[in-house]
Amino acid sequence: MGLKKLWNRLSLTQQFGLMASIVMLASMAVMGTWVEDQIEKGVTTNASVTTALFLDSFISPLTQELKNSETLSIGPVLALDEVLGKPDILKRVFSVKLWKPDGVVAYSNDLSLVGEKFPLSKGLKTALDGQVYSDFKEKGTNIPLQGVAPGHPVLEIYSPIREPWTGEIIAVMEFYEDATGLAQTIKGARQQSWLMVAATTLVMALVLVGIVHSGTVLIERQRRSLQKALDENSTLLRRIERASGRSAELTERQLRRVSADLHDGPAQLISLAALRIGSLTLKHNDKKTLGEVTAISSALDEAMGDIRAICKGLSLPEIEKQSLSEIIRAVIGSHEAHSATNVALELPDMNIELEPHVKICIYRFVQEGLNNAFRHGAGRGQRVVATLSEDNCLQISVYNDFAAAEQKTELDQNSKTLESSGLGLIGLRERVEALGGDFSFECSQEKGAHLQMSVNLGVRIN
């Protein structure tokens, strides 16, 4: 976990540089080792072939009798000793053996080995196949060589000797060459190859890191620009939400004022008119006038009832200082009193602070939800559920069952029915979405109706 946190703290350029360094160092090691091996093989093969051809020009004519005999006669042996004893050859070649294809030593500087038979070595087998075999021993060989100090670099070579006319391999020449100069050449080639590989890798790494860094700078610049735009949008969104909240509060205040004006103005005048008409003294035989007065009185009573209903729907109780629980319980209590139905409530303890416009929205939502539940479900299965998630998202749902086969399309499209005594679903949706919340309505014959709102309070739980 600590490494993950440390990794996440690194910038994109640093992450790429670290991973690219690991990958490129591994690639450089593999490539450098391969190039070094190829250089060593090439230089060793070239040196061994050159030396083998040089010695073959002297030795091959003296060894042709090995085609029909196991060892050389005294004449070729003396001639070989004389050739190999020359100072120029003694400086370069330390030991020479001639092998028969069956593993018998036909000639050697060590006379005790002549005529002995040994298992075929890898180099001997390669030479019998017609190829020159070489093995660079940078730290010397385990075979004791006369005049050669331990650890002295040598080049072990096996070269085939052929019959001139047929090309048949009649013997194999084994010798050890002084590889001091070859070791220095290979060492210099190694250093140059490693320097070249390292330089190439470094240039590639710098170019790639530069490209990634440019991209990182661009991404960071765009990220800051997007963050700035996001902050501005968040600020504007909060302003819009506050403006919507204030607008909702002003609307409710205006509705209260209208309700009060209706109650104190037209309602009082209609009541006065009804009282005056009721106090009129009419003759018992004046049936026509009595009927008109009765009709006028009935119309005034009906108008008074309508005004009272309108005032009741427009005005809200004083909910600014009430808690969420008190608001929901007040709506449910009022609904139960007017509809003579029961409403189940699922409300956990929530000690949260709400803005006034949020309280108004919740009150209207529950009120309209219960009104629709009574209107379309005859109050069956009425239930209000409120929950608060860990990220302060308040969710309120109103459920009810259907008393008849009413469809969701009827509830959505019949706006007159929905808005006759309340805001309607459209008005509720606009109220909730103005707060930045979500609104949903589901309806089915089997499950009934489900009205739900959710709003992110953006406050801290006490």
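For region 71-88, the tally of residues that are among the β-branched types (Val, Ile, Thr) and without any contact (Cβ under 8 Å) to a residue 12 or more places away in the chain stands at 1. Taking region 73-94 as the range and being closer than 22 Å to residue 162 by Cβ, in contact with an Asp or Glu (Cβ under 9 Å, 6 or more places away or on another chain) and surrounded by 12 or more Cβ atoms within 10 Å (Cβ to Cβ) as the test, the residues that pass are 76, 93. Taking the criterion of being closer than 29 Å to residue 180 by Cα and exposed (fewer than 13 other Cβ atoms within 10 Å of the Cβ), the residues of region 47-72 that qualify are 50, 53, 57.
Within region 407-431, restricting attention to residues that are in contact with a strand residue (DSSP E or B) (Cβ under 8 Å, 6 or more places away or on another chain) and either modelled with pLDDT under 85 or loosely packed, with under 14 Cβ neighbours inside 10 Å (or both), the residue that is farthest from residue 364 (Cα to Cα) is 407.
Within region 137-153, one or more residues are under 21 Å from residue 90 (Cα atoms), of a type outside the set (Gly, Ala, Ser), in a strand (DSSP E or B) and at pLDDT below 85.
Are any residues in region 63-118 over 18 Å from residue 168 (Cβ atoms) and among the charged types (D, E, K, R), and if so, which ones?
Residues of region 63-118 over 18 Å from residue 168 (Cβ atoms): 71, 73-97, 105, 107-118.
Matches in region 63-118: 81, 82, 86, 88, 91, 92, 97, 110, 116, 117.
Could you tell me whether region 50-57 includes any residue that is at pLDDT 80 or above, over 60 Å from the mean Cα position of the chain (by Cα) and either within 23 Å of residue 168 (Cβ to Cβ) or of a type in the set (Ser, Thr, Tyr) (or both)? There is no residue in region 50-57 that is at pLDDT 80 or above, over 60 Å from the mean Cα position of the chain (by Cα) and either within 23 Å of residue 168 (Cβ to Cβ) or of a type in the set (Ser, Thr, Tyr) (or both). Looking across region 344-370, the residues that are surrounded by fewer than 21 Cβ atoms within 10 Å (Cβ to Cβ) and farther than 19 Å from residue 433 by Cβ come down to 344, 345, 346, 347, 348, 349, 350, 351, 352, 353. Considering (1) at pLDDT 85 or above; (2) part of a helix (DSSP H, G or I); (3) not aromatic (Phe, Trp, Tyr), the lone condition that residue 160 does not fulfil carries the number (2). Annotation: of all residues in region 211-244 being within 21 Å of residue 456 (Cα to Cα) and among the acidic types (Asp, Glu), the one that is surrounded by the most Cβ atoms within 10 Å (Cβ to Cβ) is 241.
For region 438-458, the set of residues classified as in contact (Cβ under 8 Å) with a residue 60 or more places away in the chain and crowded, with 18+ Cβ neighbours inside 10 Å consists of 448, 449, 451, 453, 455, 457, listed by residue number.
The values are calculated or read from the model by the stated rules, or taken from the named source; none is laboratory data. Keep in mind the model is a prediction, meaning the values are calculated, not measured. Glycine also receives a Cβ, built like all others from the backbone with ideal geometry; neighbour counts cover every protein chain displayed.
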